[in-house]
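Remarks on the structure that follows.
The values are calculated or read from the model by the stated rules, or taken from the named source; none is laboratory data. No experiment lies behind these values; they were computed from the predicted model shown. Cβ sites come from the backbone with ideal geometry, for glycine too, and all protein chains shown count toward neighbours. In case anyone asks, the SASA skips ligands and DNA or RNA and just uses the protein heavy atoms, side chains included. Shrake-Rupley method; radii C 1.70, N 1.55, O 1.52, S 1.80 Å.
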Amino acid sequence: IRESATLTRDVLEQHFNDLKGTLKKLLDERLMSLLQEVDAIEQESIKPLDECQKLIEHGVSTADDLLREGESAVHGDVGQQNEKLCSFTNKALHIQLDSLPEVPSLVDVPCLSAQLDDCLLTILKNQIFRHGTVASRPPVQLEEFVEKPGGILVRWCKVDDDFIPQDYRLQYRKSTASHFEDVYVGSETEFIVLHIDPNVDYQFRVCARGDGRQEWSPWSIPQIGCTTLVPHEWTAGLEGYSLSSRRNIALRNDSQSCGVLYSKAPTYFCGQTLTFRQVFSGIETVGQPDRRDSLGVCVEQQNGYDSLQRDKAVCISTNGAVFVNGKEMTNQLPAVTSGSTVTFDMEVVQLGPSSNEGGNFKLRVTISSNNREVVFDWVLDQCCVSLYFGCSFSYPGWKVLVF
């Protein structure tokens, strides 16, 4: 409680400090804009009046000079009087003292004023006092962490019956990191977070957005999850396939070489779910299918084959055919296309009093694809709880993510 209360105080103080800074900046910008508008109106309106004033002042000055010259002519010497009077008369004839420049009427002269609506303060006050809430219980909480090879399946649930969620938002971070990052946004209530380092603690949190709302709910209580399972990896170096940097994605390139690409190690254990997902390759929507194509698991790596449709292997072809120890089953699944997800689930069913001493060993296999599944028993002559996985494609363009 104290930790979340301290964090909430820090968030509130930071948010309102940011708001104060932003509001001050916006008010300063608005003030500057209004002052510039006043300056522009003043300069535009005063210009013709200044010109009119200059003309009037010039006319008054000229009349004043002429008046003084007339007084000098009248009171001057008799000998110069006629000459001065003649000069005065000529100047008076050429100066129009009875005319004035056009002066704008009073109604046309601007009179500036500031119009400030006091209701803005009332609106801001109402908005500010409604801004922000403090929640003691988030509407969604993390529910379960399930270990996956190189990943964690995270599940969450709604704990507020009155809350109607539209979307969920899942974030995570390493326990040593300072910031959370988004890993999923959507309507599902579970998500497999991949690229998780084994035996490393990660913190997770989730929030939700109510139906028709824009803002997110408060975060759930952060919880720690980890996986002890090493990630699935394809074997590097096989001609015909290009791998991603984490070696969990294999792309069938345009090499003429053909063969089965196996996992680096037997990292699939019975009781887990193995998932293959076809992803967009960037070359074409999906590669051209072939009857020898295969996705599946096997007891051991066997070189020299161009398909997993062989002994000690179960697989599905891109046309949906299911093969067990090289024999095609009568049941068939939908064809594998771009975006398809194929999953393998296995559980051990032992036959005989001691399967570890050479007796029969049976695995119950469930293969699912496009919301359909087949279930069968796979009988082996040896105990085997960890398996290799593999794929083979005859044509380029296929791109498979395994997890």
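Key figures for this structure:
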item	result
Residue under evaluation Val193, criteria (1) without any contact (Cβ under 8 Å) to a residue 24 or more places away in the chain; (2) over 23 Å from Ser4 (Cα atoms); (3) open to solvent by less than 50 Å² (accessible area, probe 1.4 Å); (4) of a type in the set (Val, Ile, Thr), criterion not met	(1)
Qualifying residue in region 138-148 (condition: open to solvent by 90 Å² or more (accessible area, probe 1.4 Å), under 30 Å from Arg213 (Cβ atoms) and modelled with pLDDT of 80 or more)	yes
Some residue of region 42-52 being modelled with pLDDT under 75, part of a helix (DSSP H, G or I) and more than 30 Å from Lys158 (Cβ to Cβ)	no
Among (1) free of Cβ contacts under 8 Å to residues at least 60 places away in the same chain; (2) open to solvent by 60 Å² or more (accessible area, probe 1.4 Å); (3) over 24 Å from Ala114 (Cβ atoms), the one test that Leu31 misses	(3)
Leading residue by the ranking (surrounded by the most Cβ atoms within 10 Å (Cβ to Cβ)) among those in region 151-176 that are assigned to a loop (DSSP other than H, G, I, E, B) and touching an Asp or Glu at 6+ places or on another chain (Cβ under 8 Å)	Ile164
Extreme residue, modelled with the highest pLDDT, among residues of region 90-134 that are open to solvent by less than 100 Å² (accessible area, probe 1.4 Å), of a type in the set (Val, Ile, Thr) and more than 30 Å from Leu23 (Cα to Cα)	Val109
